1. For the stretch 5-25 and the stretch 257-333, compute the distance between their C-alpha centroids and round to whole Å.
2. Can you put 423, 26, 414 in order, fewest other beta carbons within 10 Å first?
3. For residue 272 paired with residue 403, estimate the spin-label separation in nm (one decimal), with each label point 7 Å from Cα along the Cα-to-Cβ line.
4. At most 12 other Cβ atoms within 10 Å and a DSSP loop assignment: could you name the chymotrypsin sites (Phe, Trp or Tyr not before Pro) in the stretch 1-96 that fit?
5. What FRET efficiency do you get for residue 128 and residue 255 if R0 is 30 Å and r is their Cβ-Cβ distance, rounded to the nearest 0.05?
6. Using +1 at the C-beta of Lys and Arg and -1 at the C-beta of Asp and Glu, which of 367, 303, 423 has the Cα lying farthest in the positive direction of the dipole of the chain?
7. Kindly identify the stretch 1-129 as rounded, prolate or oblate by the Cα gyration tensor criterion: order the square roots of the eigenvalues as a ≥ b ≥ c, call it rounded if a/c is under 1.5, otherwise compare a/b with b/c, prolate if a/b is larger, else oblate.
8. Within 12 Å, Cβ to Cβ, of residue 377, how many net charges do the neighbouring residues add up to if Lys/Arg are +1 and Asp/Glu are -1?
Amino acid sequence: MEKKLWGGRFSEGTDAFVEEFTESVSFDRELALYDIKGSIAHAKMLGKQGIIPEEDAQKIIDGLEEIEREIREGRFRWKKELEDVHMNIEKALIEKIGEIGGKLHTGRSRNDQVITAFRLYLKEQTQDIINLIEELKKALLQKAKETVDIVMPAYTHLQRAQPVRLAHYFLAYLELYNRDQERFKDTLKRLDQMPLGSGALAGVDFPIDREFTAKELGFVEVMRNSMDATASRDVVIEFLSDGAICMANLSRQAEDLIIWNSTEFSFVELPDKLTTGSSIMPQKKNPDVLELIRGKTGRVYGSLVALLTVVKGLPMAYNRDLQEDKEPVFDTVKTLKGSIIGMTKIVEGLKPIKENMEKGAGGFALATDLANYLVRKGMPFRQAHHVVGQVVGYLAGQNRELENITLEELKRFSDLFDEDALSLLNPYQVADARKSFGGTGREQVLEQIRFWEGKLYGNG
Ligand code: ARG
């Protein structure tokens, strides 16, 4: 049985069930290196301020650095009886350098210690995620550049609506993921505030120097209120919420590509190395990466709801419930990073099947433009809509497409139709007529590509 660091006032050992139930080291050891970083900065500050002798501070730092090496090399022995990552490291330090190690916790509480390590971890993860989204944005821009001259049917209600250039679709997702990235950047500002030096909740009665530790740890600001600093997890929830929104976007694009990859659509081909086979049906090439991006979205939403629920109704300030903030975050980090990497690979590797997209972009997807033709000749839009609706009904009844209607037939519906109405029935021309800012016309698409070239590579 390990002696507890807080065992002073207890007359009997902890029940084995309680040890098992309350431990967090099995998962919070993920924070080990951040915890050590925080402790080294704290020890340095204690020495500099004369709160502990400088040579003791140095021994503590040396000991912590040795523990860090042991952890990195997988030699460190974690003990559940020591509860969490913080107690494991502190106990190991005392074992290594003797009683002096017990001076490390001067002017500090696990309550400010844990959230300091967690914020250091979250800052690093958030920056990683921002970088991964940057790669996804670049992949989308590259695909957009390659697909300016492919036209496809765009859908509303999953019904063919109007032709767009395929590049326009990729640029749409570039916009979405750019906003995801901005949300993470914004969260990073609020993560960059240091709780250390708040003690258990009320501050510290030693002459500590918080500006110094903040600088050592690379935080831009020191948190102003010790109760807020130790009790709040809103920024962690914000991170999970950024992740949930990003997963929603990834999941939605995954769904598009799953449909496009089906035999029925056959709009894209996915590279063999990013798909998997079926154990029973030899013909299958399954989009499992996309399906798992879509599927794993559920657990990320779950994590957000879990932590929102943990903090709801917690009295000020720290409560042990807050230990439940970690697993949802670790799981979200792993899932989100994997999903962004997966989507980047898919976007880079997918091959559009131009003929099938073009075929789908013609036909009744051109009906709006036929109506607009009549509008340009003076017919009110509602009436034009009705006339073209009749044309569509007439052709559909004969199993014919819009492109093979004759002028003579058109004139039966309205004498405003002329020869030029027939030449309009081409998806490229129809797409390019959408010259409004943000539309799918070729010039507009090229302008947006130039915009993103400038943003992502600084040369546009
Ligand atoms: N493992 C704890 C957590 O994650 C550390 C803080 C414990 N503080 C305490 N007063 N028991 O929240």
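1. Their Cα centres are 36 Å away from one another.
2. Details: 423 9, 26 12, 414 18.
Arranged by neighbour count, lowest to highest, 423, 26, 414 become 423, 26, 414.
3. 3.3
4. Working: sites: 6, 10, 17, 21, 27, 34, 76, 78; in loops: 6, 10, 76, 78.
Loop-located and lightly packed - 6, 10.
5. Working: r = 26 Å, r/R0 = 0.86.
Efficiency at R0 = 30 Å is approximately 0.70.
6. Of the listed residues, the answer is 423.
7. Working: a/c = 1.62, a/b = 1.11, b/c = 1.45.
Verdict is oblate for the stretch 1-129.
8. On the way: positive: 376; negative: 415, 418, 420.
After counting each charged neighbour, the total is -2.
Where a number appears in this text, it was derived from the coordinates with a stated rule and is not lab data. Just so we're clear, the structure is a prediction, and the values are computed from it rather than from any experiment. Counting neighbours? That spans all protein chains shown, and the Cβs are built from the backbone with ideal geometry, glycine included.
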